[in-house]
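Read the structure below first, then the notes.
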Amino acid sequence: MTIGELERPVVAGERIVKIASSFSFVPAGTPVHETLDGLRATKARMVAVVDSASRPLGIILAQDLVDILGKPYGRDLLKRQCVEDIMRDVAELRYDEYISVVRERAGAELELGENAMYLLVDRDGLFMGCVSSRDILVHGTKQHQREIQVARGIQNRLVPEYSVKRGGRFSVVCSALMAEGVGGDYYFVREYEPGLWFLCLCDISGKGTAAAIITAVLSGFMDGARLGAPLSHTVLRLNDLVLGTFRAERYLTGVFLKFVEATGEAEYCDMGHSLLFVAAEGRVTPLSEVAGNPPLGMVPLGEVSSGTFVLGANDTLLAVTDGLTEQENRRGERFELETVGDILRACPGMKDGLVRAKVGILEAFYSFKRDMPQRDDVSFLMARSGSPEP
């Protein structure tokens with residue numbers, strides 16, 4: 001056997017040698033046909049050529065040998081050559097460099113889809129392994145998947161798929177169905193004083209880790225906000241936070257409400273959302289056709305406009321994200337909110353009625369889209385007020 005094998009070095013931290021895919025080497029002067037036999041035995045994809053002092057001279061790829069064998073008289077050619085005649089001259093990297101540093105250096109090859117090879121050496125220039133840009137890409141993909149899993153876990157804790165809040169004369173049911181695991185929808189419900197409620201439903205621009213970061217920022221803000229302050233004051237402070245943190249690279253639309261349980265009176269602020277409705281007797285009516293304010297985090301705001309309404313005892317407040325209204329079926333039709341109105345009418349009552357309605361809406365949504373992909377996050381918030389149920 002002409003091919004030697006190094007043991008993978010033990011290093012601390014995310015060093016490039018940890019993702020090296022080959023530690024095979026062959027001495028200079030070795031006939032190529034002997035190297036081919038060794039590669040077949042070890043199933044190595046690449047092997048370094050080293051001198052007598054274990055300094056690397058180049059790399060031989062198994063595919064290169066296969067290509068030579070496919071040429072006329074290729075086998076005879078291999079018998080007459082040494083490994084130096086067919087090795088590739090490639091760049092060297094310190095084996096203990098950080099993966100992130102090397103990934104930036106190899107960025108051009110990764111973008112072009114080329115599988116560049118690198119020799120790893122120690123401080124004395126001795127052979128320590130071989131790594132390819134494909135190894136770096138695979139590592140980056142796995143790292144991204146781990147980050148997405150962490151972000152998904154964080155977001156699921158901050159935005160549960162299902163939530164119910166109840167007061168003496170008020171009940172709220174929320175649902176969030178993310179399209180890509182880590183989505184961009186957020187809701188918040190809190191009784192900040194007895195009989196006084198604060199609610200919001202937001203749609204964040206973008207998905208993935210960035211959306212999870214904004215969700216965490218939103219959650220931290222809402223947890224610490226003085227919800228008893230005027231609604232406009234709370235919204236303006238949130239706009240300053242989002243704009244100052246993300247510099248208009250990320251923004252969010254949303255509806256923010258304060259509700260008085262005893263009277264059914266509500267104040268709302270529509271920040272570029274326009275998907276706030278009242279459902280009564282099976283009809284779903286928008287509170288406003290056009291949002292009165294821009295999305296949060298896009299521009300500085302000196303003031304915001306708000307509206308008021310009174311929620312009747314048999315009415316349902318409904319806020320949705322556009323993932324529900326823009327979902328299409330096989331025929332290119334969009335999901336209609338009248339379907340939600342019919343479901344709400346069939347599920348009366350302040351308490352269990354909303355829970356049944358939530359189940360009915362999701363069943364109707366899945367029945368509508370069937371095998372069509374879910375295009376966007378689907379979230380909604382439903383609230384009712386009235387006398388306590390037995």
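The values are calculated or read from the model by the stated rules, or taken from the named source; none is laboratory data. Since the structure is predicted, the reported quantities are computational estimates derived from the model, not experimental observations. Here the Cβ positions follow ideal geometry from the backbone for every residue, glycine too, while neighbour counts run over all protein chains shown.
Is it true that some residue in the stretch 133-155 is touching a strand residue (DSSP E or B) at 6+ places or on another chain (Cβ under 6 Å) and in contact (Cβ under 8 Å) with a residue 40 or more places away in the chain? Break it down into steps so the answer makes sense when it comes.
Here is the first cut: in the stretch 133-155, the ones touching a strand residue (DSSP E or B) at 6+ places or on another chain (Cβ under 6 Å) are none.
Scanning the stretch 133-155, I find no residue that is touching a strand residue (DSSP E or B) at 6+ places or on another chain (Cβ under 6 Å) and in contact (Cβ under 8 Å) with a residue 40 or more places away in the chain, so the answer is no.
Grab the strands (runs of 3 or more DSSP E) fully contained in the stretch 108-203, keeping just those with 2 or more residues being under 30 Å from M271 (Cβ atoms) and in the same structural domain as N314 (by TED's automatic domain parsing).
Hits in the stretch 108-203: 162-166, 170-177, 185-193.
Considering only residues of the stretch 337-390 that are out of contact with any Asp or Glu (no Cβ under 6 Å at 6 or more places or on another chain) and among the basic types (K, R), which is farthest from L324 (Cα to Cα)?
R384
Taking the stretch 161-187 only, how many residues are over 22 Å from D315 (Cβ atoms) and crowded, with 17+ Cβ neighbours inside 10 Å? Please lay out each step first, then the result.
Within the stretch 161-187, the first condition is being over 22 Å from D315 (Cβ atoms), and the residues that meet it are 161-162, 176-186.
Among the residues that remain, those that are also crowded, with 17+ Cβ neighbours inside 10 Å are: 176-179, 182-186.
Of the residues in that region, 9 qualify.
Quick check: is even one residue across the stretch 256-265 touching a residue at least 60 places away in the same chain (Cβ under 8 Å) and within 19 Å of D376 (Cα to Cα)?
No, the stretch 256-265 has no match at all.
Filter the stretch 30-63 for residues that are of a type outside the set (A, V, I, L, M, F, W, C) and either modelled with pLDDT under 90 or in contact with a helix residue (DSSP H, G or I) (Cβ under 7 Å, 6 or more places away or on another chain) (or both) and give the result.
Filtering the stretch 30-63 for residues of a type outside the set (A, V, I, L, M, F, W, C) gives 30-31, 33-35, 37-38, 40, 42-43, 45, 51-52, 54-56, 58, 63.
Within the stretch 30-63, T30, P31, H33, E34, T35, D37, G38, R40, T42, K43, R45, Q63 meet the criteria.
Considering every residue within the stretch 331-338, establish whether at least one is among the hydrophobic types (A, V, I, L, M, F, W, C), assigned by TED's automatic domain parsing to the domain that holds H273, assigned to a loop (DSSP other than H, G, I, E, B) and more than 25 Å from D270 (Cα to Cα). Walk me through how you get there before you give the answer.
First, pick out the residues of the stretch 331-338 that are among the hydrophobic types (A, V, I, L, M, F, W, C): 335, 337.
Now restrict to residues that are assigned by TED's automatic domain parsing to the domain that holds H273: 335, 337.
Of the ones still in play, those that are also assigned to a loop (DSSP other than H, G, I, E, B) are 335.
Add one more test, that the residue is more than 25 Å from D270 (Cα to Cα), and what stays is none.
Checked the stretch 331-338: no residue is among the hydrophobic types (A, V, I, L, M, F, W, C), assigned by TED's automatic domain parsing to the domain that holds H273, assigned to a loop (DSSP other than H, G, I, E, B) and more than 25 Å from D270 (Cα to Cα).
Could you list, in sequence order, the residues of the stretch 284-323 that are surrounded by 17 or more Cβ atoms within 10 Å (Cβ to Cβ), aliphatic (A, V, I, L, M) and assigned to a strand (DSSP E or B)?
V284, L296, L317, L318, A319, V320
Is it true that some residue in the stretch 213-228 is touching a Gly at 6+ places or on another chain (Cβ under 8 Å) and over 19 Å from A319 (Cα atoms)?
Yes, the stretch 213-228 has at least one match.
A quick yes/no check of all residues on (1) over 29 Å from T339 (Cβ atoms); (2) assigned by TED's automatic domain parsing to the domain that holds G184; (3) free of Cβ contacts under 8 Å to residues at least 24 places away in the same chain:
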site	(1), (2), (3)
H233	yes, yes, yes
T245	yes, yes, no
T253	no, yes, no
E281	no, yes, no
V310	no, yes, no
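Can you find, within the stretch 10-40, the residue that is surrounded by the fewest Cβ atoms within 10 Å (Cβ to Cβ) among those that are touching a strand residue (DSSP E or B) at 6+ places or on another chain (Cβ under 7 Å), among the β-branched types (V, I, T) and over 17 Å from C82 (Cα atoms)?
Applying the filter and picking the extreme gives I19.
Select, from R190, R134, R157, R152, the only residue that is over 30 Å from R356 (Cβ atoms) and out of contact with any Asp or Glu (no Cβ under 7 Å at 6 or more places or on another chain). Talk me through it step by step, then tell me what you get.
Values: R190 fails: over 30 Å from R356 (Cβ atoms); R157 fails: over 30 Å from R356 (Cβ atoms); R152 fails: over 30 Å from R356 (Cβ atoms).
Of the residues listed, the single one that is over 30 Å from R356 (Cβ atoms) and out of contact with any Asp or Glu (no Cβ under 7 Å at 6 or more places or on another chain) is R134.
Does the stretch 365-382 contain any residue that is assigned by TED's automatic domain parsing to the domain that holds A176, over 28 Å from the mean Cα position of the chain (by Cα) and of a type outside the set (D, E)?
No, the stretch 365-382 contains no residue that is assigned by TED's automatic domain parsing to the domain that holds A176, over 28 Å from the mean Cα position of the chain (by Cα) and of a type outside the set (D, E).
Going by what's in this entry, would F198 be described as modelled with pLDDT of 95 or more and surrounded by 15 or more Cβ atoms within 10 Å (Cβ to Cβ)?
Values: modelled with pLDDT of 95 or more: yes; surrounded by 15 or more Cβ atoms within 10 Å (Cβ to Cβ): yes.
For F198, the condition - modelled with pLDDT of 95 or more and surrounded by 15 or more Cβ atoms within 10 Å (Cβ to Cβ) - is met.
Restricting to the stretch 267-283, what's the tally of residues that are buried (at least 23 other Cβ atoms within 10 Å of the Cβ) and over 27 Å from I214 (Cα atoms)?
Number satisfying all stated conditions: 1.
Pick from L287, L257, L275, L231: which is within 15 Å of L199 (Cα to Cα), at pLDDT below 95 and not charged (D, E, K, R)?
Values: L287 fails: within 15 Å of L199 (Cα to Cα); L257 fails: at pLDDT below 95; L231 fails: at pLDDT below 95.
Within the list L287, L257, L275, L231, the selection yields L275.
Assess whether L238 counts as being more than 19 Å from T308 (Cα to Cα), in the same structural domain as F380 (by TED's automatic domain parsing) and either touching a helix residue (DSSP H, G or I) at 6+ places or on another chain (Cβ under 6 Å) or modelled with pLDDT of 95 or more (or both). Working first, answer last.
Numbers: more than 19 Å from T308 (Cα to Cα): yes; in the same structural domain as F380 (by TED's automatic domain parsing): yes; either touching a helix residue (DSSP H, G or I) at 6+ places or on another chain (Cβ under 6 Å) or modelled with pLDDT of 95 or more (or both): yes.
Criteria met by L238.
Go through the stretch 1-42 and give me each residue that's more than 30 Å from S100 (Cβ to Cβ) and assigned to a loop (DSSP other than H, G, I, E, B).
Kept after step one, since they are more than 30 Å from S100 (Cβ to Cβ), are these residues of the stretch 1-42: 1-4, 26-42.
Once the filter is applied, which keeps residues that are more than 30 Å from S100 (Cβ to Cβ) and assigned to a loop (DSSP other than H, G, I, E, B), the stretch 1-42 yields M1, T2, I3, A28, G29, T30.
From (1) β-branched (V, I, T); (2) farther than 18 Å from C202 by Cα; (3) touching a Gly at 6+ places or on another chain (Cβ under 7 Å), pick out the condition that doesn't hold for V355.
Result: V355 fails condition (3) only.
In the set L344, L354, which member is touching a helix residue (DSSP H, G or I) at 6+ places or on another chain (Cβ under 8 Å) and assigned to a helix (DSSP H, G or I)? Full working, then the answer.
Values: L354 fails: touching a helix residue (DSSP H, G or I) at 6+ places or on another chain (Cβ under 8 Å).
It is L344.
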